[in-house]
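The values are calculated or read from the model by the stated rules, or taken from the named source; none is laboratory data. Note that the coordinates shown come from a computational prediction; the quantities given were computed from them, not determined experimentally. Note: ideal-geometry Cβ built from the backbone for every residue, glycine included; neighbour counts use all protein chains shown.
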């Protein structure tokens with residue numbers, strides 16, 4: 001799969017007219033449809049897209065090849081974070097509503113309890129050992145202040161997941177840093193959770209978060225790893241169309257004469 005063409009199909013072409021005459025001529029072509037410029041992402045000569053001009057060293061750093069594939073992977077993580085935001089947001093709203101309508105909900109629950117117990121017996125489950133019913137009963141004993149703090153905590157957690165999702169989806173460096181730090185903060189709790197009880201869901205959540213942290217630090221060169229931001233931008237420059245054309249101009253016979 002050509003990730004560069006895929007990126008241009010989604011975002012459109014990006015062209016640039018450098019001030020340097022020789023380099024400018026290599027990136028420009030006259031066509032029946034008008035002047036075409038070489039796209040900095042896919043490398044094709046196009047007449048449309050976002051066009052800029054100026055010195056060659058001011059050309060935009062466009063992600064190409066593996067970086068586009070990496071961007072797509074981060075968007076998968078962004079979708080997963082958005083799902084967490086929705087779940088936590090619903091939970092925060094439910095706790096908040098429960099805090100102000102606990103008496104009515106408890107009455108409804110008590111009225112439905114005989115039917116729930118009958119359903120449990122028909123399915124062969126023990127009502128006494130039911131964790132779900134135990135949690136519901138415990139919820140009715142919580143104080144209004146505790147419920148308020150719980151709702152606020154869930155809402156704050158949901159907002160953290162939302163910021164992670166937005167930052168990862170946009171592919172911004174601040175988003176990558178925020179996602180890495182926010183995910184790392186909760187890793188100790190997830191590890192402790194596994195010491196209490198091991199479930200496939202908890203193991204999967206821990207593995208996903210560990211993968212995200214390692215992937216962000218290594219591939220995006222966060223916190224100075226592998227040269228940090230300057231190393232990451234240098235890598236983008238070495239793969240840029242303008243950089244390759246400059247190298248070709250320098251390498252041609254008589255270039256230094």
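General remarks:
- One residue stands out in the range 135-167 among those that are at pLDDT below 90 and surrounded by fewer than 12 Cβ atoms within 10 Å (Cβ to Cβ): the one that is nearest to residue 217 (Cα to Cα), namely 135.
- Odd one out for residue 111 among (1) out of contact with any helix residue (DSSP H, G or I) (no Cβ under 6 Å at 6 or more places or on another chain); (2) surrounded by 13 or more Cβ atoms within 10 Å (Cβ to Cβ): (2)
Conditions tested, residue by residue: (1) at pLDDT 90 or above; (2) at positive phi; (3) buried (at least 18 other Cβ atoms within 10 Å of the Cβ).
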site: 21; (1), (2), (3): yes, no, no
site: 27; (1), (2), (3): yes, no, yes
site: 32; (1), (2), (3): no, no, no
site: 39; (1), (2), (3): yes, no, yes
site: 44; (1), (2), (3): yes, no, no
site: 48; (1), (2), (3): no, no, no
site: 64; (1), (2), (3): no, no, yes
site: 77; (1), (2), (3): yes, no, yes
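- Within the range 168-188, the set of residues being surrounded by 17 or more Cβ atoms within 10 Å (Cβ to Cβ) and modelled with pLDDT under 90 comprises just one member, 171.
- Qualifying residue in the range 40-49 (condition: outside the structural domain of residue 178 (by TED's automatic domain parsing) and not in a loop (DSSP other than H, G, I, E, B)): yes
Residues are listed down the side, and each one gets a yes or a no for (1) over 29 Å from residue 169 (Cα atoms); (2) without any contact (Cβ under 8 Å) to a residue 12 or more places away in the chain; (3) outside any helix (DSSP H, G or I):
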{"position": "1", "(1), (2), (3)": "no, yes, yes"}
{"position": "8", "(1), (2), (3)": "no, no, no"}
{"position": "35", "(1), (2), (3)": "yes, no, yes"}
{"position": "70", "(1), (2), (3)": "no, no, no"}
{"position": "74", "(1), (2), (3)": "no, no, no"}
{"position": "77", "(1), (2), (3)": "no, no, no"}
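- Of all the listed residues (131, 145, 117), the sole one being in the same structural domain as residue 79 (by TED's automatic domain parsing) and over 41 Å from the mean Cα position of the chain (by Cα) is 117.
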